[in-house]
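Remarks on the structure that follows.
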Amino acid sequence: MISIRSRRELEAMKDACRISAQALQLAGSLIRPGITTAELDHEIRRFIESTGAKPSFLGYGGFPGTACISVNDEVIHGIPGTRMIREGDIVSVDVGAYYNGYHGDNAATFGAGAISPEAQALLDATRESLYEGINAAQPGNRVGDIGAAVQAYVEARGYSVVRQYVGHGVGTDLHEDPNVPNFGTPGRGPRLMPGMTIAIEPMINQGTADVRTLKDKWTVVTADGKLSAHFEHTIAVTTSGPVILTKP
Ligand code: MG
């Protein structure tokens, strides 16, 4: 069932989304060669808890971290730990906060120090594809329009869209209906209605779209070992178009 939220409910959801966005911004400011992913996670947790919010991911399905921190060929669901970030790494941080009965959810990929032009191009294309997807989230459009917009943008640049993991509705639950794939056919799928709140989150690979899960049962990596990037916003569909809720 897809939830339609009232203006008041959307207003109540804004704080969780703002805290999520601030947590992501903090993560970006801390990413540098020499920091471990556990240290980064610790600071993100400290920030979220300092606001009175709860980290949405901590304990979710047994996930042991506050944020999913995925480096280079890691696509999503990387577990924070002793891994040290190195110069030239790209680091995807996915983080959510639960506050006042609502979740926010967002992600971004950051470069550590100087990164290669190829890595920068992947980051830029993935970020842009998110905005292409958001722009397609107009009331009256369909979920397939979002995925089609993301897919067209990245495939035109020679990248591939991860198929096994998709965006989702978000609100009182972290993962709600509908699924929001980053690929699709225009005009297909559930209709986008004012009051729907969804997380759009392209996961874009440099090489093959294929991924596999490591033995830790969480970390998803590219099958060919090439880079992957991930950007995500929580948005609301409104009568006047999509509104990004995860703004710092
Ligand atoms: Mg998400």
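The table that follows gives values for the structure above.
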{"read-out": "Within region 124-156, considering residues that are among the hydroxyl-bearing types (Ser, Thr, Tyr) and surrounded by fewer than 24 Cβ atoms within 10 Å (Cβ to Cβ), the one nearest to the chain's Cα centre (by Cα)", "value": "Tyr131"}
{"read-out": "Matching entry among Ala67, Ala112, Ala97 (being at pLDDT 95 or above, closer than 23 Å to Leu10 by Cα, touching a strand residue (DSSP E or B) at 6+ places or on another chain (Cβ under 9 Å) and among the small types (Gly, Ala, Ser))", "value": "Ala97"}
{"read-out": "Test: residue in region 178-195 that is of a type outside the set (Val, Ile, Thr), within 12 Å of the ligand (Cβ to nearest atom), within 23 Å of Val91 (Cβ to Cβ) and at pLDDT 95 or above", "value": "yes"}
{"read-out": "Criterion violated by Pro64 - all others in (1) in a loop (DSSP other than H, G, I, E, B); (2) surrounded by 24 or more Cβ atoms within 10 Å (Cβ to Cβ) satisfied", "value": "(2)"}
{"read-out": "Those strands (runs of 3 or more DSSP E) lying entirely in region 94-184 with at least 2 residues out of contact with any His (no Cβ under 7 Å at 6 or more places or on another chain) and more than 17 Å from Thr234 (Cβ to Cβ)", "value": "102-111"}
{"read-out": "Considering residues of region 69-92 that are in contact (Cβ under 8 Å) with a residue 60 or more places away in the chain and within 12 Å of the chain's Cα centre (by Cα) only, the residue farthest from Glu39 (Cα to Cα)", "value": "Val75"}
{"read-out": "Candidates Asn72, Asn100, Asn106 - the one that is out of contact with any Phe, Trp or Tyr (no Cβ under 7 Å at 6 or more places or on another chain) and under 16 Å from Val166 (Cα atoms)", "value": "Asn106"}
{"read-out": "In region 201-229, the residues that are under 13 Å from Thr126 (Cβ atoms) and either assigned to a strand (DSSP E or B) or among the aromatic types (Phe, Trp, Tyr) (or both)", "value": "Met203, Ile204, Asn205, Ser228, Ala229"}
{"read-out": "Options Ile235, Ile204, Ile244; residue that is surrounded by fewer than 19 Cβ atoms within 10 Å (Cβ to Cβ) and within 16 Å of the ligand (Cβ to nearest atom)", "value": "Ile244"}
{"read-out": "Residue, farthest from Pro242 (Cα to Cα), within region 157-194, restricted to residues that are touching a Ser or Thr at 6+ places or on another chain (Cβ under 7 Å) and surrounded by 18 or more Cβ atoms within 10 Å (Cβ to Cβ)", "value": "Ser160"}
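The values are calculated or read from the model by the stated rules, or taken from the named source; none is laboratory data. These figures come from a predicted structure and were not determined experimentally. Cβ atoms come from the backbone with ideal geometry, glycine included; neighbour counts cover every protein chain shown.
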